[in-house]
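All remarks here apply to the structure that follows.
None of the figures in this text is laboratory data; all of them are computed from the coordinates on show. For clarity, every value in this text was computed on a predicted model and none was experimentally measured. Glycine also receives a Cβ, built like all others from the backbone with ideal geometry; neighbour counts cover every protein chain displayed.
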Amino acid sequence: MKKRCFLILMCVATFFGCNRMTFPWTVNSQAEYAIQIDDIYEARQLKTSGGTLPYRVAHLNPDSLSGKPALVLYLHSANGRGSDNISQFQRQKAIGSIYNYMVAHRMNVIFLVPQCPADHNWPGNRDIPSYIGPVKELLTLYADSTDAQHRYVFGASMGGSGVWRLLNECPNTFAAAFIASGMYRNINPQMSARTPLYVTVGGAEDAKPKEDCRIITEYIRAAGGEIMFDILPGLNHPQTCEQSFTAERIGWVFGHTRQ
């Protein structure tokens, strides 16, 4: 009887441990949600020349003997903007997908999740200033403590647009990148071609984003870039931002090394 109870308790603990790892979106309160994030990600702030950058950092498998950790950066979509250093996780299931993959593969990683202020966005446009400068300073902060051959960036929607800009301004930084339904502005395909890149867009999104993504991937491929492009059948924009981050696509990104 005692053995059976012990096994039941172990199963329950494992179940809740896995749910915590995947950041359940059905928590009962904002406070409970924040506690779950705090269990894994340390809250920090970086004073930069462009303003204060709130960010979260997690160090996975720090006792690995594989040398310096890889660096993984995730740029959130527009609904994560603010200054509370927690909202960048809300409605960002991609973060849990990436985290779970790294845990399952026992990767030695520094995982960075910065937060964009409400009056900016990552890429910038005619009406809203960019906040990619502070992100570049964050990368510089962790440059010496991470493996230069294993740095990766992921982004969805506005975050994907930020990745486009980051690849153009830092073309020799990342081993590979992933963009889920992120539009681009004023990018140079030859710069983007220096980083292996996976791009997705939803089949149920508007015609223009799909066509724009198809065109830019063709330009990058013509410039000699290594690029994967998937149109996900039947998925709208929010669904694409959530469901693009499969283990196969994440594995493709992590399968690259910067030479």
Tell me, what is the Rg over Rh of the chain, with Rh the Kirkwood radius over Cα pairs?
0.98
The answer for L197, listing residues at least 5 apart or on another chain whose modeled amide H is closer than 5 Å to its amide H, is A177, E226, I227, M228
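Any chance you could run the full-extension gain for H105 through E242? It's 0.36 nm times the residue separation minus the Cα-Cα distance, nm to one decimal.
Details: separation 137, 0.36 × 137 = 49.32 nm, distance 2.11 nm.
Once the chain is fully extended between H105 and E242, it gains 47.2 nm.
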Kirkwood hydrodynamic radius of the stretch 96-180 from all distinct Cα pairs, in Å?
13.8 Å
Taking a straight Cα-to-Cα line shorter than 18 Å from K136, and setting aside same-chain aspartates and glutamates fewer than 8 residues away, one finds D144, D147, E169
Given labels modelled 7 Å from the Cα in the Cβ direction, how far is it in nm from L46 to S64?
2.0 nm
Normalised by the residues of the chain, what does the relative contact order come to in percent, with Cα pairs under 8 Å and at least six apart?
16 percent
Long-range amide H partners of G202, meaning residues 5 or more apart or on another chain whose placed amide H is closer than 5 Å, are L232
